[in-house]
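Down below is the structure, laid out as C-alpha cells.
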Amino acid sequence: MSKDMRNRVKKVGIKAESVEGKIKGENVTEFIATGNVVIDYLDKDGLKTTITGAKAVYSKDRGTVVISGGAKAVRGDGKTVTSDTVVLHEDSKIIEAIGNSKITFVIDDKNTKKDAAKKEKDKKAGE
C-alpha cells in the first residue's frame, strides 16, 4: 500500500510504499520512506521538481531529505540530475547531487540563436 504525505505550507509531497517516522506535536521530525519514493516540491525558482529514488531519509534537525538508490531529480523546465544520492535542503530548496552525478538540460533555441547573432555582430564590428 502506498503512503502519501503532504506539507501544504511548504508545498512538498512525498509518496512511497512504506513510511516510518516520528511526530512531535503536529510536526514530523524525521522519517524513512522506502520503495518507489517520489517527492514533489516547488524549487527556489518556483518550478515543480520531482525527485525519485529507492529510499528517502528526512531529518528536521538537519533540514534535509536524503534520497538514495538511483536518485533522480527532474525540474519542470526539463533539467535532470541523476546520482547515487540527492540531498534536498529544506529551507533553500536547493538539491545537491552526490556520487556518479550526471546533469542533463535542454538548450533553448531562442538563446542559441541570440548567441549566434551576437557573435556574428561582434565579428562584423571587429572587421
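The values are calculated or read from the model by the stated rules, or taken from the named source; none is laboratory data. Bear in mind the structure is a predicted one, so any value in this text is a computation, not a measurement. Please note that ligands, DNA and RNA were not included when accessible areas were found on the heavy atoms of the full protein model with its side chains. Shrake-Rupley method; radii C 1.70, N 1.55, O 1.52, S 1.80 Å.
Quick notes on this one:
- Solvent-accessible area assigned to carbon and sulfur over segment 20-68 amounts to 49 percent, based on a 1.4 Å probe.
- Set 24/79; 22/79; 55/93; 24/55 screened for pairs whose C-alpha atoms are more than 30 Å apart: 24/79; 22/79
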